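The values are calculated or read from the model by the stated rules, or taken from the named source; none is laboratory data. It should be emphasised that the depicted structure is a prediction, and the values quoted were computed from it without experimental measurement. Glycine also receives a Cβ, built like all others from the backbone with ideal geometry; neighbour counts cover every protein chain displayed. Heads up: the accessible areas ignore ligands, DNA and RNA and are worked out on the full protein's heavy atoms, side chains in. Shrake-Rupley method; radii C 1.70, N 1.55, O 1.52, S 1.80 Å.
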Protein chains: 2
Amino acid sequence: MRSNPRGLVPTLEVAPGKALYESNVLLEYLEDAYPESQPLRPTDPFDRARSRIWSDFVTSRVIPAFHRLLQFQTSSAPDKDGEARLDVLRGEYRAKLLEFARAMDPEGPLFAGSELTTVDIVMAPWALRSWVFERFKGGLRIPEPGRGGGDEEAWARWRTWLAAVGSRESVRKTTSEEEYYVPIYQRYADDIAQSELAKATRDGRGVP
Amino acid sequence: MRSNPRGLVPTLEVAPGKALYESNVLLEYLEDAYPESQPLRPTDPFDRARSRIWSDFVTSRVIPAFHRLLQFQTSSAPDKDGEARLDVLRGEYRAKLLEFARAMDPEGPLFAGSELTTVDIVMAPWALRSWVFERFKGGLRIPEPGRGGGDEEAWARWRTWLAAVGSRESVRKTTSEEEYYVPIYQRYADDIAQSELAKATRDGRGVP
């Protein structure tokens, strides 16, 4: 709270009294501050701007849809149509994944092509936590391969991306086993979590 | 709509079929694409990150508060406490301006010091349209000089910044006279505007 009055993580204290926050800002900062490292932003200005648009899409569209679905309580819906409302939220979240998949470089396998870029990093944690919906909310119901209808191509692209990101050593080494996430996500699934993100979702707002 | 399916301006078509959008992304793009021009982002990585945090603050905090106040209808409040609710929204908007002012370089006169940076550009249009509240919503009620109490220093810094930004030739040449804005803002003030931003505000959401 001293470093970031917004009460959010991640927060990076660069030097005493010099704190930075907001995930996307921190990724840009690390790129600017350590230019000798492997670059994670596309070099071309247009591609770099697209990367920023789709990183922002994760924050402004994907994460709120993820949390609206995760925190939804079927018992809260009027006229016992909780299951129907749950399915609407499921469809809204799937629609964000499809929109993201359609914005990818067609070849891939990563978002912008063969190289990892910041937009992959921003999306990865959410994509790799899809199991929470299986566990708590009856699944995302993403079509099986060959059964995606008009969305088949986009779902295939999504699966290619997911496999490419999920198999990276850097991702595997920074992902805990599911059992450690379960108690945390149980609180979100029961809509009793007290993080700023949980509260904002409860109030119908986006990422705080 | 062809260039930007989100239906928002500004949208920049860099080449046929290559469109970019989101104000903050476009500002970064112009910096990346025209490095020979006068730089508008701080060079130091920490200062540049702070500039991004506070540009994002305008989008995620200032603009929603501006529109919640502007579009509020006193007649919509229960128990005839419309004026009280209006005053709460006024205070919330003033609080965002104070928070922004306190984040500024103490010397100034601009946000990051003597040079114009993107964060000044992002904030300028909203700051310079404060007159709409005088016209439509009974004023912002920012304290007169010397009457700011514990906020005196921050309001003084705000006034210094506002004068520095508002007097710039580039700002004056890209600002229309008030009469041209009035019919547009009348629709917002009556809460009948149909822009995506107006609709998002009506639904209790942030910048779409």
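Here B:L30 fulfils each of the conditions (1) within 12 Å of chain A (Cβ to nearest Cβ); (2) surrounded by fewer than 17 Cβ atoms within 10 Å (Cβ to Cβ); (3) assigned to a loop (DSSP other than H, G, I, E, B); (4) out of contact with any Phe, Trp or Tyr (no Cβ under 8 Å at 6 or more places or on another chain) apart from (3). A:I142 meets all of the listed conditions (1) of a type in the set (A, V, I, L, M, F, W, C); (2) in contact with a strand residue (DSSP E or B) (Cβ under 8 Å, 6 or more places away or on another chain); (3) not in a helix (DSSP H, G or I) but one, namely (2).
When the stretch B:188-201 is filtered for residues that are loosely packed, with under 15 Cβ neighbours inside 10 Å and in contact with a helix residue (DSSP H, G or I) (Cβ under 9 Å, 6 or more places away or on another chain), the ones remaining, listed by number, are B:D190, B:I192, B:Q194. Exactly one of these conditions fails for A:G17: (1) within 11 Å of chain B (Cβ to nearest Cβ); (2) open to solvent by 50 Å² or more (accessible area, probe 1.4 Å). Give me its number. Unmet for A:G17, out of (1) within 11 Å of chain B (Cβ to nearest Cβ); (2) open to solvent by 50 Å² or more (accessible area, probe 1.4 Å): (1).
Any residue in the stretch B:143-150 that is in contact with a Pro (Cβ under 9 Å, 6 or more places away or on another chain) and either over 18 Å from B:V62 (Cα atoms) or modelled with pLDDT under 95 (or both)?
Within the stretch B:143-150, one or more residues are in contact with a Pro (Cβ under 9 Å, 6 or more places away or on another chain) and either over 18 Å from B:V62 (Cα atoms) or modelled with pLDDT under 95 (or both).
For the stretch B:110-139, the set of residues classified as touching a Leu at 6+ places or on another chain (Cβ under 8 Å), assigned to a helix (DSSP H, G or I) and either at pLDDT below 95 or crowded, with 16+ Cβ neighbours inside 10 Å (or both) consists of B:T118, B:D120, B:I121, B:V122, B:A127, B:V132, B:F133, B:F136, listed by residue number.
Here A:L8 fulfils each of the conditions (1) open to solvent by less than 70 Å² (accessible area, probe 1.4 Å); (2) more than 13 Å from chain B (Cβ to nearest Cβ) apart from (2). Consider the stretch A:169-187 and keep the residues that are aliphatic (A, V, I, L, M) and surrounded by 14 or more Cβ atoms within 10 Å (Cβ to Cβ). The one that is farthest from A:V122 (Cα to Cα) is A:V182. Going residue by residue through the stretch A:56-64, is there one that turns out to be free of Cβ contacts under 8 Å to residues at least 12 places away in the same chain and more than 26 Å from A:S167 (Cβ to Cβ)? Looking through the stretch A:56-64, none of the residues is free of Cβ contacts under 8 Å to residues at least 12 places away in the same chain and more than 26 Å from A:S167 (Cβ to Cβ).
Per this entry, A:A189 is not counted among residues that are over 20 Å from A:T59 (Cβ atoms) and touching a strand residue (DSSP E or B) at 6+ places or on another chain (Cβ under 7 Å).
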